[in-house]
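Asker: One structure, as structure tokens, below. Some questions next.
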Amino acid sequence: MRELRARMERLTAAAAWMDELATEWSTREYTGGADEGRITATVDAVGTLRAVGIHPLSMRRLDSRALAEAVLKAVRRAEAAAEAAKEEMLRGGLEAAGVPHVAALLGDARRTFDERASPEGADQL
């Protein structure tokens, strides 16, 4: 019974810590860049685009198609940074709760989903 109570206390503490982490994570912004950092995109924690910055040099030297591709690359990098921060937060919280095996399972499930969702993995469905 003591072991169960200790485990519940650890889970409760980990849940409170995760709540603090989630609050901090949700208020942060994540930035991605392209064209040697001259194009930047900023997203919030869930990937909503907040800002795009384009240096005048990029506007002069890139044609419209290359500029659009660079902006998209910056946005994707910002979204990837937000996603990586979320994954790190979840993994840390699960490890703090004493259930690191669940974190590993989540990582495996994420990789499988990404593989199947990618154009190369579409034929595996």
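The values are calculated or read from the model by the stated rules, or taken from the named source; none is laboratory data. Because the structure is a prediction, the values reported are computed rather than measured. Cβ atoms come from the backbone with ideal geometry, glycine included; neighbour counts cover every protein chain shown. The accessibility values were calculated without ligands, DNA or RNA, using every heavy atom of the protein model including side chains. Shrake-Rupley method; radii C 1.70, N 1.55, O 1.52, S 1.80 Å.
Asker: Go through R38, R10, R2 for me and flag whichever is within 25 Å of L90 (Cα to Cα) and basic (K, R).
Answerer: Among R38, R10, R2, only R10 is within 25 Å of L90 (Cα to Cα) and basic (K, R).
Asker: So R5 passes all but one of these: (1) open to solvent by 50 Å² or more (accessible area, probe 1.4 Å); (2) within 30 Å of V71 (Cα to Cα); (3) not acidic (D, E). Which condition number does it fail?
Answerer: In the conditions (1) open to solvent by 50 Å² or more (accessible area, probe 1.4 Å); (2) within 30 Å of V71 (Cα to Cα); (3) not acidic (D, E), R5 misses (2) alone.
Asker: Let me ask you something else. Just to be sure I understand the filter: pairs with C-beta atoms under 8 Å, separated by 6 or more residues or on different chains, first member in segment 23-37 and of a type in the set (G, A, S), second member in a loop (DSSP other than H, G, I, E, B). Which pairs pass?
Answerer: Between residues of segment 23-37 that are of a type in the set (G, A, S) and residues that are in a loop (DSSP other than H, G, I, E, B), the close pairs are S26/A45; S26/V46.
Listed here are the residues, each with its yes/no results for (1) open to solvent by 100 Å² or more (accessible area, probe 1.4 Å); (2) at pLDDT below 95; (3) out of contact with any Gly (no Cβ under 6 Å at 6 or more places or on another chain); (4) within 30 Å of G37 (Cβ to Cβ).
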site	(1), (2), (3), (4)
H55	no, no, yes, yes
S58	no, no, yes, yes
L62	no, no, yes, yes
L67	no, no, yes, yes
R76	yes, no, yes, yes
H101	yes, yes, yes, no
A104	no, yes, yes, no
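Asker: Are any residues in segment 13-35 farther than 17 Å from E88 by Cα and either aliphatic (A, V, I, L, M) or loosely packed, with under 12 Cβ neighbours inside 10 Å (or both), and if so, which ones?
Answerer: Answer for segment 13-35, where residues must be farther than 17 Å from E88 by Cα and either aliphatic (A, V, I, L, M) or loosely packed, with under 12 Cβ neighbours inside 10 Å (or both): A13, A34.
Asker: Here's another thing I want to ask about it. Just checking, which of L67, L72 is free of Cβ contacts under 8 Å to residues at least 40 places away in the same chain, more than 21 Å from L90 (Cβ to Cβ), assigned to a helix (DSSP H, G or I) and in contact with a helix residue (DSSP H, G or I) (Cβ under 7 Å, 6 or more places away or on another chain)?
Answerer: L67
Asker: Among the residues of segment 36-47, how many are open to solvent by less than 40 Å² (accessible area, probe 1.4 Å) and at pLDDT 95 or above?
Answerer: 4
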